[in-house]
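Encoded as structure tokens, the structure appears first; notes follow it.
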Amino acid sequence: MRSKDTSRSRGAILTSSAKFSAENARYDGVLFGSVRGATEMHDGAFVFRPLRAYDGGASISIEGTTRYRKDPKRPTLDLVLTAKDYPVKRFLEYLDLDYPIEGRLTGSFPLTGSPPDTVSGGGVAALDDAVLWGQRVPRLTGRMGLTPGHFELDDIRAEIGGGMFGGRIAIAYKEKTFEARGAGDGLPLEALDSLAAATRDVTGRVSFELAGSGTFSRPDLKVSATMSEATFFGHAIPETMTPRLALTVTQGQVDGTVSVPERWTLTARGDAGATPIALDVALDAPDLAALMLFTPAALPVADGGALAAHGRVQLPQAAGESPSGQFVVTAARLDLGDRKGLVRTDGDVTIEVSKGRIALGELHAVGDGVDLRLRGAVDLSGEKAALEGRATGSADASVLALAYPDLGLGGRLVVDFGVSGPAAAPAFKGGIRIEGGRYRMAGYSFEEIEGSLRLAGSTGELEGLRAKVAEGEAFVAGSFRLAGTEVRDFPFQPAGPPVLRARDPRRCG
């Protein structure tokens, strides 16, 4: 470093000029890197002509004045910053501004004022490899502006995963308020970091418009969005069933709707600023099959049914927690072929979700030949899922076609059994009786099937199963073992002919 000093005894004027060369240089606690340049120091200020800092391929140039001695009549900064691929975090630290913004900044910014409250300036900039409020953006361009107490990004343009985003945001950081407008077109859900946890099993492209203002704690916000090329839990969603979102937040009060018009509608209302956040929700699904496409489950038949419910859900407050809530199913119906309402609920059904446990209150299912009462619970809080439940009543065996479309069993089933234990290997207790059954297997037609099945833990017993076959009779009895839900060690093969104690009346003496 070379310098030249000039002083006058009476005027107390001190002037110093120098050429800088330093490595890992810091100024006011901010790392600038390798510094080169020329500066003058006089009257409590540095005058850069210019001063350049390099950090690998990144650089920043400062030309102008920055005061190290405070003067209420003069700004601390009166300079131009020119950056090329420079870490924006250091730029913001130098201005004493704390924003969750990262990336490599390129642009030129005239600035004047005293940090942190009275700095003004701005310019056109590009930000590469950016992270904005947690969202990764490969490249963002726009106009950055600073006025006392305010920060603004305008004319924002960004490409995210092949989709486009544009908009503006203005922040009054002392008042903790904001204004924002934006629109996105064809943004892949998997590229939106804020939704990553909620969209592991959901893919597609979202297009949206948003406008917001107010405080961060109780904002006003309006969002509308649609999806295309959507897949939910492996189910491809037809374009005719594109889901739509409409969300309004007024002073923190949420009013949102997700729907597929004429198929199903889900609404949610509540206070987003409350602790914890609790939302009143309602579901109206006249097309149950269409709704199931958006869930991990699926109906085995295309006819579907209908579902209506309402309740209140409490959102988790910390990572690792699960939501809780109480819900009432006011109507549910399952259809099979031309048998609309094969099974439906009679009366309301309560569902309670708490700490990973889902409990179903008594469900009374009725229909053509159906009169069943079901209740149970699933506990997902442990390492392994656990079940408990009970079913009593009677039903036409054709209801089994809802789960096994090709079974083809007819007759009347009388059930009274319970289940408990791990979901992978539950224990059963109770029995099922079939009356007037009909079944066809391996070229044989079984008629007038009568018999009972008893279950106890991991074992079961057929207490005599009789059926007419042509002009003869088949009889099966015996015990078996259950491995989970699979039958083991049973003394005949169900896919074969009735070889166990088949009797022809003509051969009886």
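Points to keep in mind about this one:
- Val399 passes every criterion in (1) without any contact (Cβ under 8 Å) to a residue 40 or more places away in the chain; (2) assigned to a helix (DSSP H, G or I) apart from (1).
- Qualifying residue in the stretch 39-46 (condition: crowded, with 19+ Cβ neighbours inside 10 Å and under 23 Å from Gln135 (Cα atoms)): no
- Every residue from the stretch 89-125 that is closer than 18 Å to Gly56 by Cβ and without any contact (Cβ under 8 Å) to a residue 40 or more places away in the chain: Lys89, Phe91, Glu102, Gly103, Leu105, Thr106
- Residues of the stretch 244-259 that turn out to be touching a residue at least 24 places away in the same chain (Cβ under 8 Å) and under 20 Å from Thr330 (Cβ atoms), as a count: 0
- Tallying residues that are loosely packed, with under 14 Cβ neighbours inside 10 Å, part of a loop (DSSP other than H, G, I, E, B) and at negative phi within the stretch 214-241 yields 3.
- Within the stretch 57-75, the set of residues being at pLDDT below 90, under 26 Å from Leu153 (Cβ atoms) and not in a strand (DSSP E or B) comprises Gly57 only.
- Residue tally, condition open to solvent by less than 50 Å² (accessible area, probe 1.4 Å), at pLDDT below 85 and either small (Gly, Ala, Ser) or part of a loop (DSSP other than H, G, I, E, B) (or both), over the stretch 76-116: 5
- Exactly one residue among Ala211, Ala191 is under 25 Å from Thr141 (Cβ atoms) and surrounded by fewer than 16 Cβ atoms within 10 Å (Cβ to Cβ), and that residue is Ala211.
- Only a single criterion out of (1) in contact with a Phe, Trp or Tyr (Cβ under 7 Å, 6 or more places away or on another chain); (2) farther than 19 Å from Val349 by Cβ is not satisfied by Asp368, namely (1).
- Scanning the stretch 194-208 for residues that are open to solvent by less than 60 Å² (accessible area, probe 1.4 Å) and either on the phi > 0 side of the Ramachandran plot or outside any strand (DSSP E or B) (or both) yields Ala196, Thr199, Gly204.
- Scanning the stretch 325-347 for residues that are of a type outside the set (Lys, Arg) and farther than 19 Å from Leu291 by Cβ yields Gln326, Gly337, Asp338, Asp346, Gly347.
- Residues in the stretch 389-447 that are open to solvent by 50 Å² or more (accessible area, probe 1.4 Å) and among the charged types (D, E, K, R): Arg390, Asp406, Arg412, Asp416, Lys429, Arg433, Glu435, Arg438, Arg440, Glu447.
- Among the residues of the stretch 149-170, those identified as at negative phi and open to solvent by 70 Å² or more (accessible area, probe 1.4 Å) are His150, Arg157, Glu159, Met164.
- Counted residues, the stretch 257-268 - those being open to solvent by 30 Å² or more (accessible area, probe 1.4 Å) and in a strand (DSSP E or B): 4
- Here Arg412 does not fit the description of being in contact with a Leu (Cβ under 8 Å, 6 or more places away or on another chain), basic (Lys, Arg) and closer than 30 Å to Lys340 by Cα.
- Scope the stretch 46-56; condition among the small types (Gly, Ala, Ser) and in a strand (DSSP E or B); matching residues: Ala53
- Any hit, the stretch 464-487, residues being at pLDDT below 80, closer than 27 Å to Gly369 by Cα and not acidic (Asp, Glu): yes
- Residue check for Asp128: surrounded by 15 or more Cβ atoms within 10 Å (Cβ to Cβ) and touching an Asp or Glu at 6+ places or on another chain (Cβ under 8 Å): yes
- Matching residues in the stretch 269-280 - criterion: being surrounded by fewer than 17 Cβ atoms within 10 Å (Cβ to Cβ) and outside any loop (DSSP other than H, G, I, E, B): Arg269, Asp271, Ala278, Asp280
- Residue match in the stretch 120-130 (condition: out of contact with any Leu (no Cβ under 8 Å at 6 or more places or on another chain), assigned to a loop (DSSP other than H, G, I, E, B) and not small (Gly, Ala, Ser)): no
- So Pro286, is it out of contact with any Leu (no Cβ under 7 Å at 6 or more places or on another chain) and under 16 Å from His310 (Cβ atoms): yes
- When the stretch 245-256 is filtered for residues that are open to solvent by 40 Å² or more (accessible area, probe 1.4 Å) and either part of a loop (DSSP other than H, G, I, E, B) or over 16 Å from Ala282 (Cα atoms) (or both), the ones remaining, listed by number, are Thr248, Thr250, Gln251, Gln253.
- The requirement of being under 24 Å from Pro286 (Cβ atoms), open to solvent by 30 Å² or more (accessible area, probe 1.4 Å), at pLDDT 95 or above and assigned to a strand (DSSP E or B) is satisfied by Leu363.
- The residue list Glu352, Glu383 contains one member that is among the acidic types (Asp, Glu), more than 21 Å from Lys429 (Cα to Cα), part of a strand (DSSP E or B) and without any contact (Cβ under 8 Å) to a residue 40 or more places away in the chain, which is Glu352.
- Taking the stretch 302-345 as the range and being within 26 Å of Asp379 (Cα to Cα) and outside any strand (DSSP E or B) as the test, the residues that pass are Leu315, Pro316, Gln317, Ala318, Ala319, Gly320, Glu321, Ser322, Pro323.
The values are calculated or read from the model by the stated rules, or taken from the named source; none is laboratory data. Everything numeric here is computed off the predicted structure, so don't read it as measured data. With ideal geometry, Cβ positions are generated from the backbone for all residues, glycine too; neighbour counts draw on all protein chains shown. Ligands, DNA and RNA are stripped out before the accessible areas are found, and what is left, the full protein with its side chains, is counted by its heavy atoms. Shrake-Rupley method; radii C 1.70, N 1.55, O 1.52, S 1.80 Å.
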